[in-house]
Every structure is written in structure tokens, then in C-alpha cells.
1. Being surrounded by 10 or more Cβ atoms within 10 Å (Cβ to Cβ) and in contact with an Asp or Glu (Cβ under 9 Å, 6 or more places away or on another chain) narrows it down to one of 46, 23, so name that one.
2. Does residue 53 count as modelled with pLDDT of 90 or more and within 21 Å of the chain's Cα centre (by Cα)?
Amino acid sequence: MNMAFIGLQEAVLIGAALVALIMGPKKLPELARSFGESKKEYKKSMKEAEEVAEDVKPDVEGEVEDVKSDVEEISKDEA
């Protein structure tokens with residue numbers, strides 16, 4: 001059997017079944033809660049990172065324009 005034919009959904013289902021077997025049914029609610037909290041924190045962090053990126057974007061774009069004009073000026077001086 002070739003593993004290349006297993007899709008993401010099948011892999012997740014197999015992983016979930018393995019976790020259920022290893023952790024046992026009593027630990028599953030705790031594990032699911034922990035996973036949910038981790039996902040929530042990840043989304044929050046990603047949103048904060050996007051906000052920071054948007055805040056610094058104008059500054060970075062300005063610096064890039066300054067470097068472009070400096071390079072063009074140097075190129076003209078050498079020509």
C-alpha cells in the first residue's frame with residue numbers, strides 16, 4: 001500500500017484514533033480542551049503579528065523607496 005494516497009482527512013482521522021487509543025477516553029476531553037485553547041492562542045498571536053506588520057508597513061515601504069532612489073542616484077553617477 002502506497003502512503004501517498006492517504007489524504008489529509010484520512011491522516012487526521014488515523015492520528016485522532018491513535019491519540020484516543022494512547023490517551024484513553026478519560027483524557028480526551030482534557031486533551032480537546034487543551035487543543036482548543038492552543039488554537040485560540042495561536043489565532044490571537046497571528047492577529048497581533050498581522051497588526052504589527054500593518055503598523056510597520058508604511059515605514060518599511062518608505063525605507064525601500066529611499067534605498068531605491070539611492071541606488072538610482074548611484075547608478076546615474078557611475079554612468
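1. Details: 46 fails: in contact with an Asp or Glu (Cβ under 9 Å, 6 or more places away or on another chain).
So the residue among 46, 23 that is surrounded by 10 or more Cβ atoms within 10 Å (Cβ to Cβ) and in contact with an Asp or Glu (Cβ under 9 Å, 6 or more places away or on another chain) is 23.
2. Working: modelled with pLDDT of 90 or more: yes; within 21 Å of the chain's Cα centre (by Cα): yes.
It is true that residue 53 is modelled with pLDDT of 90 or more and within 21 Å of the chain's Cα centre (by Cα).
For (1) modelled with pLDDT under 90; (2) outside any helix (DSSP H, G or I); (3) hydrophobic (A, V, I, L, M, F, W, C), each residue gets a yes or a no:
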| position | (1), (2), (3) |
| --- | --- |
| 9 | yes, no, no |
| 13 | yes, no, yes |
| 35 | yes, no, yes |
| 68 | no, no, no |
| 77 | yes, no, no |
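The values are calculated or read from the model by the stated rules, or taken from the named source; none is laboratory data. What you are looking at is a predicted structure, and each value in this text was computed from that prediction instead of being measured. Cβ coordinates were reconstructed from backbone atoms using ideal geometry, including for glycine residues, and neighbour counts include every protein chain displayed.
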